[in-house]
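The values are calculated or read from the model by the stated rules, or taken from the named source; none is laboratory data. Treat the numbers as computed from the prediction; the structure is a model and nothing was measured. Here the Cβ is made from the backbone with ideal geometry for all residues, glycine too, and neighbour counts use every protein chain on show. With ligands, DNA and RNA removed, areas are computed over all heavy atoms of the protein, side chains included. Shrake-Rupley method; radii C 1.70, N 1.55, O 1.52, S 1.80 Å.
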Amino acid sequence: MAITPGIMWGQPLSPPVWYGEELDPAGLMNLLARIGLRSIDIFARHVDAYGVRELREALDESGLACSCFYIQGDLLAEGGDRAEVDGDFARGIEAARAIGSPLVFTHGTQHTREGAEALSAYTDVLRERNEQVREACMTLVIENAGVLVRTPEHLLTILDALGGDGLCVCPDVGNFSIWGVDEADALRRLLPWTAHVHLKDLHPDYVGNEHGRGVPAVLGQGVTPIAGVIELLQAQAWQGAAVWEPGPHDEAGITEGIAELLRLVG
């Protein structure tokens, strides 16, 4: 199976409760593994909540892989805020390496900035962060998100500057749906630099959201052509984790979305 099916450990599973039962990380990951998933994306806040050791043990016990580790922070922050972001990023890199993630994902800038000048400044600071991650023997990835990086052209502009230095992308196909961008065409153009894929299936109420925010529907029930995206990845023999980003779903919705992902991946 070239495509590894995974899930983002986002708000619907934080803290993890399953039909009234509170789960620790091992309980959650064992549950997801039994359903059929093979990977999970973990946020730095989970390290704050549980610690690296408990997360590492949960991954080992369940057999899931941490396919990507997320570090929040506005990379264009200044002054004291910049110092805080610097510290969080350094700690995040160490945590990602300790739990065995091959990828580090930065988020928090795209939704707070806009325009060509900000995109250029974002590219410059990404160069520094990319070097930090490379020195730790991992790969830095960014996604199309918010207003600042909303089109494949925005990502390709950044890749023109940093793709040769190992920076990769994590296309969020649902975020392309917000702006009416052809999701499959955008992914095809970005595929040479694609290390990870977010399978957000955009809820129809968020098409054209002026802030670039997108709330996911249950996979297969939104406006994003998820089946076509998976077909493209399979046709191109792409290898990596295709990760569903759940929205505010209950346990039944999460189960349905995972079942659809597994059906599509085959």
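Convert 37 °C to kelvin, take the viscosity as 0.692 mPa s, use the Kirkwood radius over C-alpha pairs of segment 67-126 as Rh, and evaluate the Stokes-Einstein diffusion coefficient in µm²/s, rounded to a whole number.
Reported coefficient: 269 µm²/s.
As a test of the definition: which semi-axes, in Å, follow for segment 1-83 when you take the square root of five times each eigenvalue of its alpha carbon gyration tensor? Largest first, please.
They are 26, 16, 12 Å, listed largest first.
Can you tell me the relative contact order of the chain? Whole percent, Cα pairs under 8 Å, sequence separation 6 or more.
20
By how many nm would the segment from Q72 to E153 lengthen if fully extended, with 0.36 nm per residue of separation less the alpha-carbon distance?
Using 0.36 nm per residue and subtracting the Cα-Cα distance, I get 26.8 nm.
Could you work out the longest stretch of the chain that avoids the GluC sites (Glu not before Pro) located in DSSP loops with at most 16 other Cβ atoms within 10 Å?
115-209
So what J values fall out for segment 195-206 if you push phi through Karplus, 6.51 cos²θ - 1.76 cosθ + 1.60 with θ = phi - 60°, rounded to Hz, Gly and Pro as x?
Along segment 195-206, the couplings run 9, 7, 9, 9, 9, 6, 9, 5, 5, x, 5, 10 Hz.
Can you show me the helix-derived [θ] at 222 nm for the chain, built from DSSP H runs with n ≥ 4 at -39,500 (n - 2.57) apiece and divided by the number of residues, rounded to the nearest 500. Intermediate values should be presented prior to the final figure.
Details: 10 runs with 120 residues, N = 266.
Value at 222 nm, helices only: -14000 deg cm²/dmol.
Return the percentage of antiparallel bridges among DSSP beta bridges fully within segment 1-88, rounded to the nearest 5 %.
Bridges in segment 1-88 that DSSP calls antiparallel: roughly 20 percent.
At a threshold of 8 angstrom on Cα-Cα distance, excluding pairs fewer than six apart, so keeping six or more, what relative contact order does segment 52-150 reach in percent?
Numbers: 124 pairs, mean separation 30.5, N = 99.
Relative contact order of segment 52-150: 31 percent.
Along its principal axes, what span do the Cα atoms of segment 1-144 show, with the longest given first and each in whole Å?
So the extents along the principal axes, rounded to whole Å, are 47, 33, 26.
I need the shape label for segment 204-266. Rule: rounded when a/c is under 1.5, else prolate if a/b > b/c, else oblate, with a, b, c from the alpha carbon gyration tensor.
Note, shape of segment 204-266 comes out oblate.
With every protein chain in place, what's the accessible area of D88 (1.4 Å probe, Å², nearest 10)?
Roughly 50 Å² of D88 is accessible to a 1.4 Å probe.
Write out the chymotrypsin sites (Phe, Trp or Tyr not before Pro) in segment 1-70 meeting two conditions: DSSP loop, and at most 16 other Cβ atoms within 10 Å of their Cβ.
Y19
By the gyration tensor of its Cα atoms, with a ≥ b ≥ c the square roots of the eigenvalues, what is the shape of segment 193-233: rounded for a/c under 1.5, prolate for a/b over b/c, or oblate?
The shape class here is oblate.
Let me test this: with uniform point scatterers at the alpha carbons of the chain, what is the Debye-based log₁₀ I(q)/I(0) at q = 0.08 1/Å?
Computed log10 I(q)/I(0) values: -0.29.
Of all DSSP beta bridges located in the chain, what percent are antiparallel, nearest 5?
So the antiparallel bridges in the chain amount to around 15 percent.
Using protein chains only and a probe of 1.4 angstrom, how many square angstrom of H107 are accessible, to the nearest 10?
The value for H107 is about 40 Å².
Report the local net charge at R91: Lys and Arg +1, Asp and Glu -1, summed over other residues whose C-beta lies under 13 Å from its C-beta.
-3
R0 = 35 Å: FRET efficiency of C137 with R213, Cβ-based, nearest 0.05?
0.55
FRET efficiency for D124 and L31, Cβ-Cβ distance as r, R0 = 30 Å, nearest 0.05? Working shown, then result.
Details: r = 42 Å, r/R0 = 1.41.
So, using R0 = 30 Å, E works out to roughly 0.10.
Among L103, A121, G73, pick out the residue whose Cα is farthest towards the positive end of the charge dipole of segment 65-124, where Lys and Arg carry +1 and Asp and Glu carry -1 on C-beta, about the Cα centre.
Of L103, A121, G73, it is L103.
Which distance in nm do the two modelled labels at V52 and A227 give, with both placed 7 Å along the Cα-to-Cβ direction?
Here the answer is 4.5 nm between the modelled labels.
Going by amide H atoms built from the backbone, whose H comes under 5 Å of the H on L140, apart from near neighbours?
So L140 has HN proximity to V104, C168.
Whole number please: convex hull volume per residue, Cα atoms of segment 161-266, in Å³.
It is 104 Å³ per residue.
If I take R0 = 25 Å and measure r between the Cβ atoms of Q234 and E256 in this structure, what FRET efficiency does the formula 1/(1 + (r/R0)^6) give, to the nearest 0.05? Mind dumping the intermediate values first?
Numbers: r = 22 Å, r/R0 = 0.87.
Efficiency, rounded to the nearest 0.05: 0.70.
Just reorder I42, I35 by solvent-accessible area, largest first, 1.4 Å probe, all chains present.
I35, I42
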